[in-house]
Amino acid sequence: MSDWDVSRRGFLQTTALTSGGFAFAQFVDRHGALAAEPEAAPSESAPARQRVTLQVNRTSHELTLDPRTTLLDALREHIGLTGAKKGCDMGACGACTVHLDGKRVVSCLTLAASAEGRRITTIEGLAEGDELHPMQAAFVEHDGFQCGYCTPGQIMSAVALVGEGRAASDDSIREFMSGNLCRCGAYPNIVAAIKSVAGGRA
């Protein structure tokens with residue numbers, strides 16, 4: 001074995017030990033410093049909860065909510081009315097449609113506090129006991145749903161649409177129902193259901 005071989009082996013061993021020791025020291029220093037640092041306080045505290053009284057389906061509900069709570073979350077998580085569905089949660093699909101004073105709104109973009117003192121109607125409030133609302137019955141008769149996830153929002157929009165007098169034609173119905181998406185593609189049956197109710201009111 002030559003002197004060069006010994007020197008080379010010694011050099012490599014020394015380099016490996018030195019590099020490993022340096023990396024280990026950095027690891028200990030870094031993690032020791034992190035462990036010693038106290039947790040950062042939150043930049044801002046959550047807003048104070050507030051009392052809100054909601055009139056939903058002719059029943060009063062007194063709630064204590066974070067002021068950022070949406071009407072959809074108040075209905076589903078605090079009142080237990082799960083008919084309005086959380087779809088896109090951005091107001092684009094219409095699955096969460098409810099009525100405020102008879103007008104349709106997407107409840108995922110409506111603050112619960114802003115609905116205080118207003119008349120809220122959900123899909124659960126349309127029927128009279130065991131008797132379906134005419135629009136609910138029409139959706140069943142015309143097979144206006146498949147998976148059913150979007151159906152509550154579709155029906156709530158359809159009821160408002162007829163009340164607004166905008167169900168005069170197929171094109172008008174399609175235009176004013178365009179905010180309610182059906183991923184199953186039941187649109188022709190939905191239009192037929194709406195037309196049957198609108199025709200009965202004509």
Scan the range 156-176 for residues that are farther than 18 Å from A127 by Cα and assigned to a helix (DSSP H, G or I) and report the count.
7
Residue check, F27 against (1) surrounded by 10 or more Cβ atoms within 10 Å (Cβ to Cβ); (2) at pLDDT below 95; (3) under 27 Å from R166 (Cα atoms), all met but one. Which one?
(3)
Looking at I120, I155, can you tell me which residue is assigned by TED's automatic domain parsing to the domain that holds A192, within 21 Å of the chain's Cα centre (by Cα) and crowded, with 19+ Cβ neighbours inside 10 Å?
I155
Six or more apart or on different chains, Cβ atoms under 7 Å: show the pairs whose first residue is in the range 91-103 and over 13 Å from L75 (Cβ atoms) and whose second is among the polar types (S, T, N, Q) and surrounded by 22 or more Cβ atoms within 10 Å (Cβ to Cβ).
G94/S157; G94/N180
For the range 169-183 the number of residues that are touching a helix residue (DSSP H, G or I) at 6+ places or on another chain (Cβ under 8 Å) and either among the hydrophobic types (A, V, I, L, M, F, W, C) or crowded, with 18+ Cβ neighbours inside 10 Å (or both) is 5
If you go through the range 53-71 one residue at a time, how many are closer than 20 Å to K85 by Cα and either among the hydroxyl-bearing types (S, T, Y) or out of contact with any strand residue (DSSP E or B) (no Cβ under 8 Å at 6 or more places or on another chain) (or both)?
2
Take the conditions surrounded by fewer than 23 Cβ atoms within 10 Å (Cβ to Cβ) and of a type in the set (F, W, Y) and apply them to F139. Does it pass?
no
If you check G179 against the conditions, is it part of a loop (DSSP other than H, G, I, E, B) and within 22 Å of the chain's Cα centre (by Cα)?
yes
Surrounded by fewer than 14 Cβ atoms within 10 Å (Cβ to Cβ) and outside the structural domain of C93 (by TED's automatic domain parsing), is that true of A186?
no
Criterion violated by Q154 - all others in (1) polar (S, T, N, Q); (2) more than 17 Å from F139 (Cα to Cα); (3) touching a residue at least 24 places away in the same chain (Cβ under 8 Å) satisfied:
(2)
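The values are calculated or read from the model by the stated rules, or taken from the named source; none is laboratory data. Keep in mind it's a predicted model, so treat the numbers as computed, not measured. With ideal geometry, Cβ positions are generated from the backbone for all residues, glycine too; neighbour counts draw on all protein chains shown.
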